[in-house]
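A.B. asks: Handing you a structure now.
The values are calculated or read from the model by the stated rules, or taken from the named source; none is laboratory data. Only a predicted model underlies this, so the values are computations on that prediction, with no experimental measurement involved. Heads up, the Cβs are rebuilt from the backbone with ideal geometry, glycines too, and the neighbour counts pull from every protein chain shown. The accessibility values were calculated without ligands, DNA or RNA, using every heavy atom of the protein model including side chains. Shrake-Rupley method; radii C 1.70, N 1.55, O 1.52, S 1.80 Å.
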Amino acid sequence: MHDLHLATTWVGWVSLFIFLVGYYFIATEDKYRINKAKPALLAGTGIFMLIGFYFSINGLDGKILEHEVNHLIVEISGIFFFLFVAMTYIEAMIDRGVFDALRYRLVSRGYSYSKLFWITGILAFFISPIADNLTTALILSTVLLTIDKENKEFLVPSAINIVVAANAGGAWSPFGDITTLMVWVDGKAEFTEFLFLFPASFLGWLVTAFLLSRFVPKGTPPFSLDEEPAKILEGGKVIMALFGVTIFFAIISHQALHLPAMWGMLFGLAILKLYVYQLNQSDTKTRVNVFTWIAKVENDTLLFFFGILAAVGGLHFLGFLEYFTALYDTFGATAVNIGVGFLSAIVDNVPVMSAVLKASPNMGESAMVIQEQWMLVTMTAGVGGSLISFGSAAGVGVMGKMHGIYTFASHMKLAWTVLVGYIVSVAIWFVQFNMLHIG
């Protein structure tokens, strides 16, 4: 990090104002009917344009800014391309009827809205530690839409449930969330130490899910006995398997090959393209084009990610995100790490965790206490992102997939249920780690 302190200069204050205005329009997407990608992209690119202008008129070393932007581009591209490939696979599975077949299997059995709410939530919690929270949330939000794309009383609480479950499930796995991956790679915790967060993550989600289930309507999704059974089209099952292999490549790339996770994802995309080529050469009538799937990817979600991460990166460069790390000496690690959950919901958990890791604040006196505190901030940063709809990658992904249904406003009406679960998770951590020292 550079030695410049720009937060209190005019460029710092103007950049903060731009971020807050952009954040306001993101939060009020429904009111002004402005897609969230527009204010996010404008704020993200605008802040760095402003910083570049400040460097230019003050004769500062532009290499400092260039180095920071290049580092940020690498950070953002990792998320951008990971999401790009995951979305392409999801569109491929939609095209091959995978989700229609899953929907038919669930609905034809006469499952109620309530039972479907719990099934999708449980799947989200246990798939996300393996497939990561973002991919899991995208897959299961697609399942929700195929079950019943009209009933908002079912879709909204179920969407919140999936986001919370995916984030909570990702918190107890080193590669279940970007923030846990950052903590693991930085050497702050061993692989097995994350597993001790399972009780706090699971019970916190369970409490939120129970409260949300009270808002799920009674009855069953629309289904006609005359409805033709939905079957997976040719190539669908292979594409499902390739998606699993692609996630495996992403994990191996990062853990064993010293490559970004997105490199493994793009390698998996290349294999998908080769498989589609082979499928089209066969004697069957199947003719598919990978680029038609790519064309259906939610580009607004990708651009929102780019914009919001660039904006937060700009604030970090200016020095704003480093202020809160000084609070550790004032209020103590436990209080501040709990507060990190709320901050991550507002700002996004990835740059917040990045700021904590870079600042390396005083977490305690003994090795045991330090390890317990790193587990706390790992959990709060991951789970806390669920408090606001766009506080986590999973939330942003679902907002893009369920556009106009799962929104900032619809989430905030039931956000208190997430807050109760968050408090339960912190309380369980306190008893398990701080009192019983199990972990």
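A.B. asks: With the structure loaded, tell me whether V143 is within 27 Å of L233 (Cβ to Cβ), β-branched (V, I, T), in contact (Cβ under 8 Å) with a residue 60 or more places away in the chain and out of contact with any Cys (no Cβ under 7 Å at 6 or more places or on another chain) or whether it fails that test.
C.D. replies: Numbers: within 27 Å of L233 (Cβ to Cβ): yes; β-branched (V, I, T): yes; in contact (Cβ under 8 Å) with a residue 60 or more places away in the chain: no; out of contact with any Cys (no Cβ under 7 Å at 6 or more places or on another chain): yes.
For V143, the condition - within 27 Å of L233 (Cβ to Cβ), β-branched (V, I, T), in contact (Cβ under 8 Å) with a residue 60 or more places away in the chain and out of contact with any Cys (no Cβ under 7 Å at 6 or more places or on another chain) - is not met.
For every residue, the table says whether it meets (1) open to solvent by less than 10 Å² (accessible area, probe 1.4 Å); (2) closer than 21 Å to I160 by Cβ; (3) of a type outside the set (S, T, Y); (4) not in a loop (DSSP other than H, G, I, E, B).
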| residue | (1), (2), (3), (4) |
| --- | --- |
| G364 | no, no, yes, no |
| Q371 | no, no, yes, yes |
| V396 | yes, yes, yes, yes |
| V418 | yes, yes, yes, yes |
| V424 | no, yes, yes, yes |
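A.B. asks: Sticking with this structure for a sec: From the list L266, L274, exactly one residue is surrounded by fewer than 22 Cβ atoms within 10 Å (Cβ to Cβ), touching a Phe, Trp or Tyr at 6+ places or on another chain (Cβ under 7 Å), modelled with pLDDT of 90 or more and not charged (D, E, K, R). Which is it?
C.D. replies: Values: L274 fails: touching a Phe, Trp or Tyr at 6+ places or on another chain (Cβ under 7 Å).
That would be L266, the only listed residue that is surrounded by fewer than 22 Cβ atoms within 10 Å (Cβ to Cβ), touching a Phe, Trp or Tyr at 6+ places or on another chain (Cβ under 7 Å), modelled with pLDDT of 90 or more and not charged (D, E, K, R).
A.B. asks: Name the single residue that is nearest to K285 (Cα to Cα) among those in the stretch 224-240 being open to solvent by 60 Å² or more (accessible area, probe 1.4 Å) and modelled with pLDDT of 85 or more.
C.D. replies: E234
A.B. asks: Count, please, the residues in the stretch 86-119 that happen to be part of a helix (DSSP H, G or I), among the hydroxyl-bearing types (S, T, Y) and modelled with pLDDT of 85 or more. Reasoning before the result, please.
C.D. replies: Restricting attention to the stretch 86-119, the residues satisfying the condition of being part of a helix (DSSP H, G or I) are 86-95, 98-108, 113-119.
From what is left, the residues that are among the hydroxyl-bearing types (S, T, Y) are 88-89, 104, 108, 113-114.
Right, trim to modelled with pLDDT of 85 or more and you get 88-89, 113-114.
Number satisfying all stated conditions: 4.
A.B. asks: If you don't mind, there's one more thing I want to ask. Scan F320, F305, F291, F331 and give me the residue that is out of contact with any Gly (no Cβ under 6 Å at 6 or more places or on another chain) and under 15 Å from I79 (Cβ atoms).
C.D. replies: Numbers: F320 fails: under 15 Å from I79 (Cβ atoms); F291 fails: under 15 Å from I79 (Cβ atoms); F331 fails: under 15 Å from I79 (Cβ atoms).
Among F320, F305, F291, F331, only F305 is out of contact with any Gly (no Cβ under 6 Å at 6 or more places or on another chain) and under 15 Å from I79 (Cβ atoms).
A.B. asks: Just checking, how many residues over the stretch 1-20 are surrounded by 13 or more Cβ atoms within 10 Å (Cβ to Cβ) and in contact with a Leu (Cβ under 9 Å, 6 or more places away or on another chain)?
C.D. replies: Qualifying residue count, the stretch 1-20: 12.
A.B. asks: Another question, if that's okay. Of the conditions (1) within 17 Å of V350 (Cα to Cα); (2) in a helix (DSSP H, G or I); (3) at pLDDT below 85, G170 fails just one. Which one is it?
C.D. replies: Tallying (1) within 17 Å of V350 (Cα to Cα); (2) in a helix (DSSP H, G or I); (3) at pLDDT below 85, G170 fails exactly one: (3).
A.B. asks: Quick check, is T246 surrounded by 12 or more Cβ atoms within 10 Å (Cβ to Cβ), out of contact with any strand residue (DSSP E or B) (no Cβ under 6 Å at 6 or more places or on another chain) and in a loop (DSSP other than H, G, I, E, B)? Let's see the steps before the verdict.
C.D. replies: Details: surrounded by 12 or more Cβ atoms within 10 Å (Cβ to Cβ): yes; out of contact with any strand residue (DSSP E or B) (no Cβ under 6 Å at 6 or more places or on another chain): yes; in a loop (DSSP other than H, G, I, E, B): no.
No, not satisfied.
A.B. asks: Follow-up question, since we're still on this one. For the stretch 27-85, which residues satisfy the criterion of being more than 19 Å from the chain's Cα centre (by Cα) and part of a loop (DSSP other than H, G, I, E, B)?
C.D. replies: The answer is T28, R33, I34, N58, G59, L60, D61.
A.B. asks: Something else now. May I ask you to list pairs of residues, at least six apart or on different chains, whose Cβ atoms are under 6 Å apart, with the first in the stretch 330-358 being under 19 Å from A311 (Cβ atoms) and the second being open to solvent by 30 Å² or more (accessible area, probe 1.4 Å) and modelled with pLDDT under 85?
C.D. replies: What qualifies is V350/I178; M353/M182.
A.B. asks: Evaluate the following for S386: is it assigned to a helix (DSSP H, G or I), touching a residue at least 12 places away in the same chain (Cβ under 8 Å), of a type in the set (S, T, Y) and open to solvent by 10 Å² or more (accessible area, probe 1.4 Å)? Give the derivation first.
C.D. replies: Working: assigned to a helix (DSSP H, G or I): yes; touching a residue at least 12 places away in the same chain (Cβ under 8 Å): yes; of a type in the set (S, T, Y): yes; open to solvent by 10 Å² or more (accessible area, probe 1.4 Å): no.
No.
A.B. asks: Filter the stretch 293-328 for residues that are over 28 Å from L42 (Cα atoms), surrounded by fewer than 19 Cβ atoms within 10 Å (Cβ to Cβ) and at pLDDT 80 or above and give the result.
C.D. replies: L327
A.B. asks: Report whether or not P221 is within 27 Å of D100 (Cβ to Cβ) and surrounded by 15 or more Cβ atoms within 10 Å (Cβ to Cβ). So that I can check it myself, show each step before the final result.
C.D. replies: Numbers: within 27 Å of D100 (Cβ to Cβ): yes; surrounded by 15 or more Cβ atoms within 10 Å (Cβ to Cβ): yes.
Taking the combined requirement at face value, the residue satisfies it.
A.B. asks: Still on this structure, I have one more. Please work out which one of (1) part of a helix (DSSP H, G or I); (2) open to solvent by 20 Å² or more (accessible area, probe 1.4 Å); (3) closer than 22 Å to R105 by Cβ; (4) not charged (D, E, K, R) is the condition L206 fails and give its number.
C.D. replies: It is condition (3) that L206 fails.
A.B. asks: Do we find a residue being under 23 Å from the mean Cα position of the chain (by Cα) and without any contact (Cβ under 8 Å) to a residue 24 or more places away in the chain anywhere in the stretch 213-230? Please lay out each step first, then the result.
C.D. replies: From the stretch 213-230, those under 23 Å from the mean Cα position of the chain (by Cα) are 213; that's our starting set.
Still in the list and also without any contact (Cβ under 8 Å) to a residue 24 or more places away in the chain: none.
Within the stretch 213-230, none of the residues are under 23 Å from the mean Cα position of the chain (by Cα) and without any contact (Cβ under 8 Å) to a residue 24 or more places away in the chain.
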